[in-house]
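The next block holds one structure in the form of structure tokens; read it before the comments.
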Amino acid sequence: MEYKALNTIPYYSDCAPLVNGLGYELVELKVTPQRGSVHIVAVIAAKDPQYDIGVNDCSKVHHVLLPRLEALLGTDNTYMELTSPGMERNIRNAAEFAIFKGRQVRVWDKTISDWVGGKIIGSDEHSVTLETEQEDSKKTSQKSVLFEDIAKAKFIHL
């Protein structure tokens, strides 16, 4: 899995503080010119991993984020789609692990050819650390997985 720093995504650094100010995290931002207009796709998440994003949350962020992007792009000929990560999100960029700290995920670890599941307790530019629970007991342990060893990752929705 590739790690791409979020601040290297075009317009992310301009938009993330606005979203954070509203109490959310900007997970993904794609700005794509299409036939004379601009198509924008944004994904937001709650700062609290126990809170699910609803329509009102998306609406609140949309009303603040769209005018900002239109000013940055110099056009109002835009279409913006703003969503939550969803219950079954596939993590596409390893930098997202930091945003989803506290959430349950599973990663396909290529070194053992199997899924490793657990709660994200930390991540950096090279790896993610999960708190895993032993199946035969209630004991927990920590497991770090290098991003280069992750084939795919997704949420575990309980």
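The values are calculated or read from the model by the stated rules, or taken from the named source; none is laboratory data. Quantities reported herein were computed from a predicted structural model and do not represent experimental measurements. When we count neighbours, we look across all protein chains shown, and the Cβ atoms used for this are built from the backbone with ideal geometry, even at glycine. Areas reflect the complete protein model, heavy atoms only, side chains present, ligands, DNA and RNA absent. Shrake-Rupley method; radii C 1.70, N 1.55, O 1.52, S 1.80 Å.
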Inset, instruction - Hey, can you find the accessible area per residue of the chain for me, probe 1.4 Å, expressed in square angstrom? - result: 57
Inset, instruction - Could you let me know the centre-to-centre spacing of region 86-158 and region 1-79, using Cα atoms, in angstrom? - result: 25
Inset, instruction - Report, in degrees rounded to the nearest 10, the 0 to 90 angle that the Cα long axis of helix 55-73 makes with the longest principal axis of the chain. - result: 60
Legend entry - Label point distance in nm, MET87-GLU2, each placed 7 Å from Cα along Cα→Cβ: 3.1
Inset, instruction - Could you count how many Lys pairs in region 1-146 have their Cα atoms under 23 Å apart, skipping same-chain pairs fewer than 8 positions apart? - result: 22
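Counting only protein heavy atoms and a 1.4 Å probe, tell me what percentage of the chain's accessible area is made up of carbon and sulfur. It would help to have the intermediate numbers written out before the result.
Values: 4200 of 9030 Å².
Of all accessible area on the chain, carbon and sulfur atoms account for 47 percent.
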Inset, instruction - Among GLY122, VAL64, GLN50, flag the residue with its Cα farthest along the positive direction of the charge dipole of the chain, charges on Cβ as +1 for Lys/Arg and -1 for Asp/Glu. - result: VAL64
Inset, instruction - Inverting the mean 1/r over all pairs of different Cα atoms, compute the Kirkwood radius of the chain and quote it in Å. - result: 16.8
Inset, instruction - Name the residue, out of LYS119, LYS60, LYS101, whose mean-square fluctuation peaks in a Gaussian network model built on the chain with Cα pairs under 10 Å. - result: LYS60
Legend entry - Fluctuation leader among VAL107, VAL41, VAL19 - the chain, Gaussian network, Cα springs under 10 angstrom: VAL41
Inset, instruction - Note down the magnitude of the dipole of the chain about its Cα centre, charges +1 on Lys and Arg C-beta and -1 on Asp and Glu C-beta and zero elsewhere, to the nearest 20 debye. - result: 120
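Counting each DSSP H run of 4 or more residues in the chain as -39500 (n - 2.57), what helix-only mean residue ellipticity at 222 nm follows after dividing by all residues, to the nearest 500 deg cm²/dmol? Mind dumping the intermediate values first?
On the way: 3 runs with 33 residues, N = 158.
Roughly -6500 deg cm²/dmol at 222 nm, from the helical runs in the chain.
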Inset, instruction - Among ASP76, ASP48, ASP57, determine the one that fluctuates most according to a GNM of the chain built with springs between C-alpha atoms less than 10 Å apart. - result: ASP76
Legend entry - Tilt relative to the chain, helix 12-21 - C-alpha long axis, 0 to 90 degrees, to 10: 80
